[in-house]
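Quick one: the structure is below, questions incoming.
No value in this document is a laboratory result; all are computed from the given coordinates. Predicted model, so just to flag it, every value in this text is computed and none were measured. Virtual Cβ from ideal backbone geometry, glycine too; neighbours counted across all protein chains shown.
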Amino acid sequence: MTQDFDPAGAASRRAVLGDAHVDKLQGQGSPMDRAWNMYVTNVSWAGTWARQVIDRPTLSLVTLGMLAGAGQMEEFERHVRNALLRTGVSQLHLREVLLHIGHYCGIPTGAACFAIVRKVMREESIAPDAALLEDVGSVYRTAGAAASSF
């Protein structure tokens with residue numbers, strides 16, 4: 001039965017994670033799993049992703065930052081895939097968030113996140129956007145900054 005699942009939460013969850021993933025989760029048969037899936041759908045997905053205050057690409061990027069900071073790399077990978085395939089996150093914006101992750105969460109975490117993105121792009125046959133190369137030289141260009149500007 002699906003009438004216990006909040007329709008807005010279920011729609012958001014399917015839009016972001018995809019039907020196959022949600023069907024798999026909801027098909028888990030035990031009452032304990034069903035209670036968990038109802039909670040996640042009705043509270044997390046209906047209460048956050050379905051609010052329509054922040055657009056989905058931005059929510060995806062915020063989610064990626066939090067998952068990386070929490071060390072939840074399996075879920076990070078799932079959300080990278082969803083960000084690139086379903087929520088409209090540009091590769092340029094994703095790269096910028098990865099740079100922030102590396103700075104604020106540490107170089108090893110940033111490197112792990114970049115590796116996950118490369119893996120997902122390879123598995124999904126996603127070619128790098130040309131925009132990624134246009135400003136790559138300015139990413140670390142700080143030598144020209146005057147000390148007084150800090």
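What order, most packed first, do the peptides 14-25, 36-47 have when packing is the mean number of other Cβ atoms within 10 Å of each residue?
36-47, 14-25
Give me the one-decimal Kirkwood hydrodynamic radius in Å for the range 1-53, with the sum taken over alpha-carbon pairs. All intermediate terms of the calculation are to be shown ahead of the outcome.
Values: mean 1/r = 0.0920 Å⁻¹.
Kirkwood radius, the range 1-53: 10.9 Å.
In whole angstrom, note down how far apart the Cα centers of the range 46-85 and the range 95-109 are.
15
So, one more: How large is the charge dipole for the range 1-53, taken about the Cα centre, if only the Cβ atoms of Lys, Arg (+1) and Asp, Glu (-1) carry charge, to the nearest 20 debye?
120
Can you compute the helix-only [θ] at 222 nm over the chain? Use -39500 (n - 2.57) per DSSP H run of at least 4 residues, normalise by all residues, nearest 500 deg cm²/dmol. All intermediate terms of the calculation are to be shown ahead of the outcome.
Numbers: 8 runs with 91 residues, N = 150.
The helix contribution divided over the chain gives -18500 deg cm²/dmol.
I need the trypsin sites (Lys or Arg not before Pro) found in the range 33-137, filtered to DSSP loop residues with at most 12 other beta carbons within 10 Å of theirs.
R51
Relative to the longest principal Cα axis of the chain, at what angle does helix 91-105 sit, 0 to 90 degrees, rounded to 10?
Around 80 degrees separate the two axes.
Which FRET efficiency value, to the nearest 0.05, is calculated for K24 and I54 with the Förster distance at 30 angstrom and r the Cβ-Cβ distance? Working shown, then result.
Numbers: r = 27 Å, r/R0 = 0.90.
The computed FRET efficiency comes out at 0.65.
Per q in 0.11, 0.12, 0.17 1/Å, what log10 I(q)/I(0) does a Debye calculation on the alpha-carbon atoms of the chain return?
Values returned for q = 0.11, 0.12, 0.17 Å⁻¹ are -0.51, -0.59, -1.03.
Taking the chain as the reference, fit the longest principal axis to its C-alpha atoms, fit the long axis of helix 107-123 to the helix C-alpha atoms, and give the angle between the two in degrees, 0 to 90, nearest 10.
The answer is roughly 60 degrees.
Now, a different point. For the chain, give the magnitude of the charge dipole about the Cα centre (Cβ charges: +1 Lys/Arg, -1 Asp/Glu; no others), in debye to the nearest 20.
80
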